[in-house]
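Bear in mind that the values in this text are calculations on the coordinates, not laboratory data. These numbers come from a predicted model, not from an experiment. Cβ placement follows ideal geometry from the backbone for every residue including glycine, while neighbour counts extend to all protein chains displayed.
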């Protein structure tokens, strides 16, 4: 049933493959543009005030560790619990459970500059969620992790880094 439901959402929402893994569709981009001078050094130019996407992951796939220059707000919509792994700027590993099951929450925040990746850990499951980024997402502010470099930087987290990066 989960596979059929995941396929239903992909078709209904027009989701396409994302470079980090999973499938997505942008659903909102604010018309308000913030000038680069008002943003952090991590932003490489002017940015829309906010953007939002639908994002779907299925069991057996993952969203690879990456980081962006803005905060990212995650909203649960349907399916199973999503595990979001965050290595914050101090090197601490956090495991956020996004969903409605016991121990999970329907909302999570990943801070700007943190490395993060995610996966559905329930066999045969999927998660449909939304990701809101402020200041708005731009691929110029996106960095996909290099497995070797990230593993050297955070050797205590090497197992999860190896699981959520591509060679």
- Message: At a 10 Å Cβ-Cβ cut-off, how would you order 8, 24, 59, 77, fewest neighbours first?
- Response: 8, 77, 59, 24
- Task: Rank 123, 11, 102 by mean-square fluctuation in a GNM of the chain with C-alpha springs under 10 angstrom and give only the top-ranked residue.
- Result: 102
- Message: Which of 139, 55, 62 has the fewest other C-beta atoms within 10 Å, and how do the rest follow up to the most?
- Response: 139, 62, 55
- Options (i) 101; (ii) 112; (iii) 121 for volume of the Cα convex hull per residue in Å³; the value derived from the coordinates is listed as (ii)
- Task: Starting with the fewest neighbours, write out 28, 76 ranked by other beta-carbon atoms found within 10 Å of each beta-carbon.
- Result: 28, 76
- Query: How large, in Å, is segment 24-70 by the Kirkwood hydrodynamic radius built from its alpha-carbon pairs?
  - Reply: 12.8
